[in-house]
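For reference, the structure discussed in these notes is given below.
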Amino acid sequence: MWSAATIAIGALVMLAGGAAPPLSEQPGGANPPKYLVDEKDLPAVAEKFGLDEEGLARLRKAHHALAEHQAHPKPDPVKANGEVFTQANGEPWPKPDAAIIFTGEQIGYLEPCGCAGLENQKGGLKRRHTLVRILRDQWGWPLALFDAGEQVRYFGPQADIKHRRTIEALIEIGYQAVGFGVKDLRTEVLGMALNLDEAENPLTSANVGLLDFDSGFSKRWRVVELRAASSSPTAAPVRIGVTQVLAKSALGEVSPSDDFVTMDPVDALKEIEPQIEQDACDQNVLMVYGTPDEARELARRFDHFDWVVAARGADEPPHIAQRIEGTKRGGGAYLVEVGHKGMYAVVVGLYRKQEASKPGEGWEARYQKTPLDHRWADSPEMVERLTAYQAELEQLGWEGLGLKPAEHPTTRDFAGSNACRDCHTEAWEVFEKTPHFHTTETLVALQPARHFDPECIACHAVGWEPQKYYPFKTGWLSYSETPEMYGQGCENCHGPAARHVAVENGDIEVDEEEETALRAALHLEIGENEGNMKGQKLGQVVNNCLGCHDLDNSPDFDFQKYWPEVAHEGLY
């Protein structure tokens, strides 16, 4: 299975092989940004964030586990995810006359997230920036960078911040066109656009206009001119036209707003069609925030495009681009799917093979599904931006992020895991040896710390809704306010236990019926063949686990494999 291909007129030929430059030769690779705080600085970090002595001990344990993991040999990304940018004979791609990088559907993943380890995860702006710098700055490829939209996943103050900071990062990386997704339009998108430099603003859509279609805060059609650094000053540049639309299905999900106007994608493309024809670009791109079928339908209806991008396609980009039947320009348009979570970039190299009488003709292309894995170094500039993002979250706090503690569905209060250890001694001995014991401190040990980020703390402390990223009443707030709510503790699975603890400690008196009911409410049993893999049965226990060990953050999670590592049962 290969992920590179040569696309000749009317044909698709598979290629193999390849390697990225050694990390030491990549921008920032010789002196990579620190992933962890220095061990000697742990006491100062604990003091800064208000950890007590027990918290500092957990911080040391978390740091040791992370450092030990970092010291392990890393899997070979080429063996895991394939080689890039080489031909069948093992030689690198010839330098293209121009190249296009397609991305989209980042849905909030500024960086990889989860339990699998960064070396086993793909994506992130840090790696994407390095890829761009290698192709553009080190290899001298003239690059066009286009993103099909949907930078965020939810809505609210954190999504507003994330969208703004993502667009700012894409501008620094060099994007010339960035489209809109449905959830992008639920953020303060107009306010963000008002603060962008007009000369750098990449926001592009034919059927979404900020304020209106003539405001200048977004453009309906763009022409990008690319010229190789080595080319003659009189050589004609490669001209690439680009637009983006929300497909009908996506448009139906958009709520009305005074900040923007929308129109049917077909009507919008009809309006800009004369400009597309007049500009007569060498290559034209249509980005569609919609399904592959919707993208194909628009491509057939408006046969002006060489590359048609579907943002709501497969989880991963296909290994080859597919010709769209019923299109004719340049031999027929190709469908590109960008995948989800920004794990891949699709790179298309363009080669002028002959002079052509019509736009789109005379070109050959090479296609590369490019995994953003750890073969690409972390960009120091993007690390700096992500550090600033975390600092902004810390400064705003939960209240500034619009998070108000909600009643737990059981209406009970949390007690914290320490309240369980005197009675449930054997279970406690297991718990304190697992990574669950120090999950909060795992976030503190990182550089920058992530425990002020709702999307991180929700699975790293007691008393948060793990899928919607808000706190429950009496759940974790901070080390100064709720230090007892550390870790992925007992109550995240068994439920809030404050009243049960008070009864068992004799602090309050209840009848026998309620005492029994309180105990039963916290009791969990694993069902026969309970698990999350094919042929197994989902049950209450595994569903608790899947709140955090979901497909996004823990794609390889296998309950029956992992449970023995944390198995505990009984009172004593």
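The values are calculated or read from the model by the stated rules, or taken from the named source; none is laboratory data. Note that the structure is predicted; figures quoted are calculated from it, not measured. Neighbour counts run over all protein chains shown; Cβ positions are idealised from the backbone, glycine included. Keep in mind that these areas ignore ligands, DNA and RNA; they rest on the heavy atoms of the full protein, side chains included. Shrake-Rupley method; radii C 1.70, N 1.55, O 1.52, S 1.80 Å.
Could you check segment 369-385 and list, in sequence order, the residues that are open to solvent by 20 Å² or more (accessible area, probe 1.4 Å) and touching a helix residue (DSSP H, G or I) at 6+ places or on another chain (Cβ under 9 Å)? Hits for segment 369-385 are H374, D378, P380, E381, V383, R385.
Summed over segment 428-446, residues that are part of a helix (DSSP H, G or I), touching a residue at least 12 places away in the same chain (Cβ under 8 Å) and surrounded by fewer than 18 Cβ atoms within 10 Å (Cβ to Cβ) total 2. Every listed requirement among (1) in contact with a Phe, Trp or Tyr (Cβ under 6 Å, 6 or more places away or on another chain); (2) open to solvent by less than 10 Å² (accessible area, probe 1.4 Å) is met by E150 save one, (1). The set of residues from segment 447-458 being in a loop (DSSP other than H, G, I, E, B), open to solvent by less than 30 Å² (accessible area, probe 1.4 Å) and either of a type outside the set (D, E) or within 16 Å of N418 (Cα to Cα) (or both) comprises P448, A449, R450, H451, A458. Is at least one residue of segment 459-468 surrounded by fewer than 19 Cβ atoms within 10 Å (Cβ to Cβ) and outside any loop (DSSP other than H, G, I, E, B)? Yes: one or more hits. Tally up the residues in segment 521-562 that are within 30 Å of R499 (Cα to Cα), assigned to a loop (DSSP other than H, G, I, E, B) and more than 21 Å from the chain's Cα centre (by Cα), please. Selection size over segment 521-562: 7. Take the residues in segment 534-563 that are of a type in the set (D, E) and open to solvent by less than 70 Å² (accessible area, probe 1.4 Å); name whichever of them is farthest from L110 (Cα to Cα). Across segment 534-563, the extreme among qualifying residues is D558. Is it fair to say L477 is assigned to a loop (DSSP other than H, G, I, E, B), among the aliphatic types (A, V, I, L, M) and modelled with pLDDT under 95? Taking the combined requirement at face value, the residue does not satisfy it.
For first residues located in segment 202-231 and touching a residue at least 24 places away in the same chain (Cβ under 8 Å), partners that are aliphatic (A, V, I, L, M) and open to solvent by 10 Å² or more (accessible area, probe 1.4 Å) and lie 6+ apart or on another chain with Cβ distances below 6 Å form the pairs A206/I272; N207/M263; G209/V261; L210/L190; D212/V261; R220/I272; W221/I272. Can T327 be described as in contact (Cβ under 8 Å) with a residue 24 or more places away in the chain, crowded, with 21+ Cβ neighbours inside 10 Å and over 24 Å from L143 (Cα atoms)? For T327, the condition - in contact (Cβ under 8 Å) with a residue 24 or more places away in the chain, crowded, with 21+ Cβ neighbours inside 10 Å and over 24 Å from L143 (Cα atoms) - is met.
Scanning segment 480-496 for residues that are open to solvent by less than 20 Å² (accessible area, probe 1.4 Å), more than 15 Å from D52 (Cα to Cα) and not in a helix (DSSP H, G or I) yields G489, G495, P496. The residue pairs whose first member lies in segment 44-60 and is farther than 13 Å from T440 by Cβ, whose second member is open to solvent by 60 Å² or more (accessible area, probe 1.4 Å), and whose beta carbons are closer than 9 Å, counting only pairs six or more residues apart or on different chains, are R60/E39.
Cβ separations smaller than 9 Å between residues 6+ apart or across chains give the following pairs from segment 393-415 residues that are more than 11 Å from P496 (Cα to Cα) and in a helix (DSSP H, G or I) to residues that are open to solvent by 40 Å² or more (accessible area, probe 1.4 Å) and of a type in the set (K, R): W398/K404.
For segment 528-572, the set of residues classified as touching a Gly at 6+ places or on another chain (Cβ under 7 Å) and basic (K, R) consists of K537 only.
Scanning for something part of a helix (DSSP H, G or I), surrounded by fewer than 21 Cβ atoms within 10 Å (Cβ to Cβ), under 22 Å from the mean Cα position of the chain (by Cα) and modelled with pLDDT under 95, does segment 119-126 turn up at least one residue? Scanning segment 119-126, I find at least one residue that is part of a helix (DSSP H, G or I), surrounded by fewer than 21 Cβ atoms within 10 Å (Cβ to Cβ), under 22 Å from the mean Cα position of the chain (by Cα) and modelled with pLDDT under 95, so the answer is yes. On inspection, E83 does not qualify as of a type outside the set (V, I, T) and surrounded by fewer than 16 Cβ atoms within 10 Å (Cβ to Cβ).
No other residue among A461, A449 is within 24 Å of D41 (Cβ to Cβ), in contact with an Asp or Glu (Cβ under 9 Å, 6 or more places away or on another chain) and touching a residue at least 12 places away in the same chain (Cβ under 8 Å) apart from A449.
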